[in-house]
Amino acid sequence: MIIAMIAFFFVGFYGGFIQAGVGFIIMAILVLITGMSLVKINSLKMFITGIYIFSSLLVFIISGKVDWILGLILAIGSAIGAYLGSNFSVAKGDKWIRIFLIIYVLLMSSKLMGLTDWLKF
């Protein structure tokens, strides 16, 4: 429990400051510390990142920096994706989540290293 609290303190700091990729970090820490299934970990990750999203949104609303039209379009797309993704992950299980996670991490890593600049995605 102490290790989890220390780890999530640093995840919280990173998530609050940068946010990019915090879901992968949350999943990695939960896998290493708890050994829970990826389906359960993914649902916890979504709950935790939801807290980040709403607290960040509040800051931007107070600052008057929200484009409501684009935000609503993004929210609708995110809700549809979350619904489809959660149904898929529950139906298919850990094996498919692991496959998608590996593919996505490899794609994003190659993007960050500039290996896929020619793809323009």
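Every read-out reported here was derived from the displayed coordinates using simple, explicitly stated rules and does not represent laboratory data. What you are looking at is a predicted structure, and each value in this text was computed from that prediction instead of being measured. Glycine gets a Cβ as well: all are built from the backbone with ideal geometry, and neighbour counts include every protein chain shown.
Numbers below:
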item: Per-peptide average of other Cβ atoms within 10 Å, ordering 81-94, 30-43 highest first; result: 30-43, 81-94
item: Per-q log10 I(q)/I(0), the chain, q = 0.19 Å⁻¹ (Debye; single scatterer per alpha-carbon; no solvent); result: -1.28
item: Lysines whose Cα lies under 24 Å from that of K111, excluding same-chain neighbours fewer than 8 positions away; result: K45, K120
